[in-house]
Amino acid sequence: LQKALVPWFQAQKDMKTPLKVSVVSVIINAILNVLAVCLLPEEYRYVGLALSTVVCSFLSSALLIYFTGRKDKSLKVDFSVGYLLKVALASVLMAIIVVVTRELFVSSSNVFVVLSICISAGGISYLCFSFLLGTISTSLLKRFIRR
């Protein structure tokens, strides 16, 4: 979504808004990453890092949508808020899958194997949930599978 909105701001000759949104997003992401590493138990730190990245991406997209709507009232940006909510739901469901997967394989002594399984389960589940929620089209999914 951000890739679609930033060129719109460029066409409006407004590069400051996307830059400000990006700076705010990076600062919040850094703060959330530090909090995740310092406050979460060691086995859940990677989940906290991933969650902070997702939250900041969501925030960045929401801010760009907000400023797009303020800049041009004739644009209908309501559909994008629904899209963001679907992406957030897919992300939460993916996080649940990753946590459950980790708990299933927690007895394994090889951390690399457990992490690889969790990453794979997270990626596949996010792809499936995104497809089911309609945030990824069939044609995009086919292109992804071909690659």
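Miscellaneous remarks
- Every condition in (1) modelled with pLDDT under 85; (2) more than 30 Å from residue 13 (Cα to Cα) is met by residue 115 except one, and the failing one is (1).
- Subset of the range 118-127 [under 19 Å from residue 55 (Cα atoms) and either modelled with pLDDT under 90 or open to solvent by 70 Å² or more (accessible area, probe 1.4 Å) (or both)]: 119, 127
- Taking helices (runs of 4 or more DSSP H) as the structural unit, those lying wholly within the range 1-112 and holding at least 1 residues that are in contact with a helix residue (DSSP H, G or I) (Cβ under 9 Å, 6 or more places away or on another chain), farther than 28 Å from residue 131 by Cα and open to solvent by 80 Å² or more (accessible area, probe 1.4 Å) correspond to 2-11, 16-39, 45-71.
- Check on residue 98, in contact (Cβ under 8 Å) with a residue 40 or more places away in the chain, within 24 Å of residue 136 (Cβ to Cβ) and within 15 Å of the chain's Cα centre (by Cα): yes
- Screening the range 43-78 for residues that are among the charged types (D, E, K, R) and closer than 21 Å to residue 94 by Cβ and picking the one that is nearest to the chain's Cα centre (by Cα) gives 45.
- Only one of the numbered conditions (1) within 30 Å of residue 137 (Cβ to Cβ); (2) modelled with pLDDT of 85 or more; (3) under 19 Å from the mean Cα position of the chain (by Cα) is not met by residue 3, and that is (2).
- Whichever residue in the range 128-147 is of a type in the set (D, E, K, R) and in a helix (DSSP H, G or I) and, among such residues, is surrounded by the fewest Cβ atoms within 10 Å (Cβ to Cβ): 146
Rundown of residues vs (1) under 21 Å from residue 21 (Cα atoms); (2) without any contact (Cβ under 8 Å) to a residue 60 or more places away in the chain; (3) touching a Ser or Thr at 6+ places or on another chain (Cβ under 7 Å), yes/no style:
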{"residue": "63", "(1), (2), (3)": "yes, yes, no"}
{"residue": "69", "(1), (2), (3)": "yes, yes, no"}
{"residue": "84", "(1), (2), (3)": "yes, no, yes"}
{"residue": "105", "(1), (2), (3)": "no, yes, no"}
{"residue": "116", "(1), (2), (3)": "no, yes, no"}
{"residue": "121", "(1), (2), (3)": "no, yes, yes"}
{"residue": "136", "(1), (2), (3)": "no, yes, yes"}
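The values are calculated or read from the model by the stated rules, or taken from the named source; none is laboratory data. All figures in this text were calculated on a predicted structure; none of them were measured in a lab. As a convention, Cβ positions derive from the backbone with ideal geometry for all residues, glycine included, and neighbour counts pool all protein chains shown. Ligands, DNA and RNA are excluded from the accessible area calculation, which covers all protein heavy atoms including side chains. Shrake-Rupley method; radii C 1.70, N 1.55, O 1.52, S 1.80 Å.
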